[in-house]
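*Asks:* Below you'll find the structure I mean.
Since every read-out is calculated from the coordinates, none of them should be taken as a lab result. All of these numbers come straight from a predicted model, not from anything done at the bench. As a convention, Cβ positions derive from the backbone with ideal geometry for all residues, glycine included, and neighbour counts pool all protein chains shown.
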Amino acid sequence: MCPKTSVTLKDISKNALSAGSDLHVQEVLHRFQEAPDLLLVAVTENTAFKGTVSRRELLNLLSRPFAMELYAKKPASCLLDDLKGKRVVFPPELEVNEAAVRLLAEDPSLQTDAFPIVADGQCLGVVTVSDLMMTVAEQQRELLQALDRLSARIRDEVARGAKIQQDLLPPPDFRFGALTLGAGITTSSEIGGDFYDYFLAGENELGMVIADVSGHGVQSGMVTTAAKASLHTLVSLGITTPSGLLAGMNNAVLATARQTLLMTCLIATIDLSAGRLTVANAGHNFPFVIRSGTAVAEMLDTAPGFPLGFERDARYPETVTNFDAGDCLFLYTDGLVESADASGEEFGYLRLQELLARGKCLEPHLLHKYLLEHVTAFTGQRAFEDDVTTLIACYGRQP
């Protein structure tokens, strides 16, 4: 619930005690003496507002030597010229927060105890500075409470969104014939911009997807959800080639983000019958292939296309290579290689390539854990500044 309707000076004003301009100063003093809480007297002439006399200013003036004798029989109007205090006057409909800002601008040291509210030449009331500040403080308290409630609601909504996004991910471990898959995702915010997926592309062919949306939070999560939805729709329509899927997903991301966010994405299909790996790349990090019988992780130099959401009807050429028993395909997002230590040095591709070669005998889920342990050891931090996702497929490995 938000704070109540804005409070104006009229809402917190008190009735003004008026004194005619011809009233003797001695009588004005007497009125202050009769009312200890009275801070201000409005001086009027034929009911028209002329100015104010404050308790503090009058007592300071009359405390001077011979001032009482000098001023006692003078009219109150003379005080308007002789008193040097601040002349703060505000309209009655002024909102209290704005009034506080203006008051501090006119009287930074807050010598003012009270001020009149005036409209059409008439004094409609008096507002004490203490009442003004108390009202402002109360409004700020209500606003902070409303913000706390809103913040809690947003946190709940974000948590629900994160759970929905997590639920949309397929199981991290999967078997497809002789192909063993393992995936892992670590988000830097509650709603991440990375995702992975896999799908049946043929009788003996499996498709794999990894993607990274620029930015984090709710908006990137919406783009991620739109991309995943379009992927599943396209596959259900029989479109299973990497190039065809990227082209369709590109238009979905473009319609959702309207070029405010981009998504890098890589789609690979592995045909076990033909021993063939086909890859199309939309601005994503190049994948690695760890060949059977070698000690090197080979970076697959795919033909890169524009990121998804960059331009309509973009084309994504395919790269085809062999994929034999014992080979492993490693897909990842840039949060892995761009993780930096305290000096700003990034983990980088070379370290990743070396670790892939050293960990080539590990099962996919263990390889993911192995890499994260080394990255966190390198950065010296347990949390990542960007989402980190890996998707690994090994041909012929036993779980």
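*Asks:* List the trypsin sites (Lys or Arg not before Pro) within the stretch 355-399 that DSSP assigns to loop and that have no more than 12 neighbouring Cβ atoms inside 10 Å.
*Replies:* Details: sites: Arg358, Lys360, Lys369, Arg382, Arg397; in loops: Lys360, Arg382, Arg397.
Taking the stretch 355-399 and a limit of 12 other Cβ atoms within 10 Å, the loop trypsin sites (Lys or Arg not before Pro) found are Arg382.
*Asks:* Can you sort Ile185, Ile392 from fewest to most other Cβ atoms within 10 Å of each residue's own Cβ? Provide the component values of the computation, followed by the final result.
*Replies:* On the way: Ile185 21, Ile392 27.
Ranked by crowding around the Cβ, least crowded first: Ile185, Ile392.
*Asks:* If you plug each phi of the stretch 268-276 into the Karplus form 6.51 cos²θ - 1.76 cosθ + 1.60 with θ = phi - 60°, what whole-Hz ³J(HN,Hα) values come out, in order, with x for Gly and Pro?
*Replies:* The phi angles translate into 10, 10, 10, 9, 5, 5, 8, x, 10 Hz.
*Asks:* What's the exposure ranking of Phe49, Phe174, going from fewest to most Cβ atoms within 10 Å?
*Replies:* On the way: Phe49 20, Phe174 16.
Fewest to most other Cβ atoms nearby, the residues stand as Phe174, Phe49.
*Asks:* Taking the chain as the reference, fit the longest principal axis to its C-alpha atoms, fit the long axis of helix 364-379 to the helix C-alpha atoms, and give the angle between the two in degrees, 0 to 90, nearest 10.
*Replies:* 50
*Asks:* Okay, moving on. Multiply the residue gap between Arg312 and Met299 by 0.36 nm, knock off their C-alpha separation, and tell me the result in nm, one decimal place.
*Replies:* Length gained, Arg312 through Met299: 1.8 nm.
*Asks:* So what is the relative contact order for the chain, in percent, with contacts set as C-alpha pairs under 8 Å and at least six apart? Please list the in-between numbers first.
*Replies:* Values: 771 pairs, mean separation 55.0, N = 399.
So the answer I get is 14 percent.
*Asks:* Against the longest alpha carbon principal axis of the chain, how many degrees, from 0 to 90 and to the nearest 10, is the axis of helix 129-168 turned?
*Replies:* The angle comes out near 10 degrees.
*Asks:* Something else: Quick one: order Arg87, Arg315 by neighbouring beta-carbon count within 10 Å, fewest to most.
*Replies:* Values: Arg87 14, Arg315 11.
If I rank by nearby Cβ atoms, fewest first, I get Arg315, Arg87.
*Asks:* Still on this structure, I have one more. Dividing the Cα radius of gyration by the Kirkwood radius, what Rg/Rh value follows for the chain?
*Replies:* Working: Rg = 37.2 Å, Rh = 26.8 Å.
For the chain, the value is 1.39.
*Asks:* List the pairs from Lys10/Lys50; Lys228/Lys369; Lys14/Lys73 whose alpha-carbon separation is above 27 Å, in the order I gave them.
*Replies:* Details: Lys10/Lys50 19 Å; Lys228/Lys369 25 Å; Lys14/Lys73 29 Å.
Listed pairs above 27 Å: Lys14/Lys73.
*Asks:* With the cut-off at 1.5 for a/c, could you classify the stretch 9-137 from its C-alpha gyration tensor as rounded, prolate or oblate? Working shown, then result.
*Replies:* Working: a/c = 2.06, a/b = 1.60, b/c = 1.29.
Prolate.
*Asks:* What's the center-to-center distance, using Cα atoms, between the stretch 56-131 and the stretch 295-368 in Å?
*Replies:* 74
*Asks:* Skipping prolines and chain starts, which residues have an amide H placed within reach, meaning under 5 Å, of the one on Leu17, given they are 5 or more residues away or on another chain?
*Replies:* Ala42
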